[in-house]
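Below: the structure, in structure tokens.
The values are calculated or read from the model by the stated rules, or taken from the named source; none is laboratory data. Treat the numbers as computed from the prediction; the structure is a model and nothing was measured. Note that each Cβ is placed from the backbone with ideal geometry, even for glycine, and that neighbours are counted across all protein chains shown. Just the protein is used for accessible areas: all its heavy atoms, side chains included, with ligands, DNA and RNA removed. Shrake-Rupley method; radii C 1.70, N 1.55, O 1.52, S 1.80 Å.
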Amino acid sequence: GAPAGPSDPNGAGVRADVRTYIEATYPSSAKTRAALFQYAKVVEKALADANDKQLSLQHADESNRANTCLWYVREATDDARTIRLNLMPVVLNTDERNKAYFTYDEQLGGEVFGDIPYDQRASACDINPATLPN
């Protein structure tokens, strides 16, 4: 069943400890939580599929979209990179997860991912930021 408490429904599918961190750290911004949930879900998929080059490339593209979404929703404070870097140790909280992330990262060697045009950045978000209250 669903966890008890005021858990953000957009966090469905995110590990409980990661969801708790995101909700506790960004209680006043549904847009930031949604972007971080999107990013956390992509990293989990990347870890699970780290040994598969094609899936790793797909997840890298999804990661690029999630990162673009985060940049979009945090534009006013210009802290997307810091927020993402602060999230990573929470997601990569075991040696096994760190090793899987390095494997995933190695799969991407030499690949180039296209940028999403500036005026289309909101479309990189799984959940339309305009539908969220803050």
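Charge tally for Phe102 (other residues, Cβ to Cβ under 12 Å; Lys, Arg +1; Asp, Glu -1): -2.
Compute a Gaussian network model of the chain, connecting alpha carbons closer than 10 Å, and tell me which residue from Glu75, Glu111, Glu44 fluctuates the most. Judging by the Gaussian network model, the answer is Glu111.
How much of the accessible area of the chain, probe 1.4 Å, is carbon plus sulfur, in whole percent?
Ligands and nucleic acids excluded, carbon and sulfur give 51 percent.
Would you work out if segment 67-117 is rounded, prolate or oblate? Take a ≥ b ≥ c from the square roots of the eigenvalues of the alpha-carbon gyration tensor; rounded if a/c is under 1.5, else prolate when a/b is larger than b/c, oblate otherwise. Oblate, because a/c is 1.5 or more while a/b does not exceed b/c.
Applying a length cut-off of 20 Å (Cα extent along the axis) and a mean Kyte-Doolittle floor of -0.5 to the DSSP H helices of the chain leaves 30-48. Rounded to the nearest 500, the helix-only mean residue ellipticity at 222 nm of the chain stands at -18500 deg cm²/dmol, with each DSSP H run of n ≥ 4 adding -39,500 (n - 2.57). The residues of the chain expose on average 56 square angstrom of accessible surface per residue, using a 1.4 Å probe on protein heavy atoms. How many percent of all Cα-Cα pairs in the chain sit more than 23 Å apart? For the chain, the fraction of Cα-Cα distances above 23 Å is 32 percent.
Surface listing: Tyr39, Tyr101 arranged by accessible area from highest to lowest gives Tyr101, Tyr39, probe 1.4 Å.
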